[in-house]
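The values are calculated or read from the model by the stated rules, or taken from the named source; none is laboratory data. What you are looking at is a predicted structure, and each value in this text was computed from that prediction instead of being measured. Heads up, the Cβs are rebuilt from the backbone with ideal geometry, glycines too, and the neighbour counts pull from every protein chain shown.
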Amino acid sequence: MTPIVHFSRRYRLSASHRLHVGTMSEEENYATFGKCNNPFGHGHNYVLEVTVAGPVDAATGMVVDMVALDSLVNAQIVERFDQTHLNMDPLFAEALVPSTENFVIEVEKMLQKSVCALGIRLVRARMEETSNNSFDLLPQEPRERVVF
């Protein structure tokens, strides 16, 4: 049996958002979200940690080509969301509240298929919003079966 090794890499991005539900009154929104409901939004220096798993390549001694993983995450996530207002992004512009919980779910969906193309499996996406708040998404099953 080939051992499977987990590898984690961290990425940083800064973005703002406003937590607000359009079907709720201003008073209800403020009661629910407090200062996070500021009409002008507020920002975070997010840290995204991506954990992948796979067998160690015999030639390189690595689970994944870090340059390829960095390229993928930077192109799909960092370049898209860094220095933006999440409420303005098409993912959140309709009715999805850009909470960090929803943000990490959308990031995981975006990365899942591409990571599989690298011959590895995405096992965790973790979004740190502040030093006190972080959100982990541990996919139960890969969206595409990868055979190691």
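Values as computed for the structure displayed
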read-out	value
Residues of region 12-39 satisfying the condition of being surrounded by 10 or more Cβ atoms within 10 Å (Cβ to Cβ) and polar (S, T, N, Q)	14, 16, 29, 32, 37, 38
Candidate set: region 1-11, residues that are in contact (Cβ under 8 Å) with a residue 60 or more places away in the chain and exposed (fewer than 14 other Cβ atoms within 10 Å of the Cβ); chosen: the one farthest from residue 80 (Cα to Cα)	2
In region 12-64, residue nearest to residue 121 (Cα to Cα) [restricted to those that are in a strand (DSSP E or B) and among the charged types (D, E, K, R)]	49
Where residue 95 falls short, out of the listed (1) in a loop (DSSP other than H, G, I, E, B); (2) modelled with pLDDT of 95 or more; (3) not β-branched (Val, Ile, Thr)	(2)
Long-range neighbours under 8 Å by Cβ, at least six apart or interchain, first residue of a type in the set (Gly, Ala, Ser) within region 21-42, second exposed (fewer than 11 other Cβ atoms within 10 Å of the Cβ)	22/95
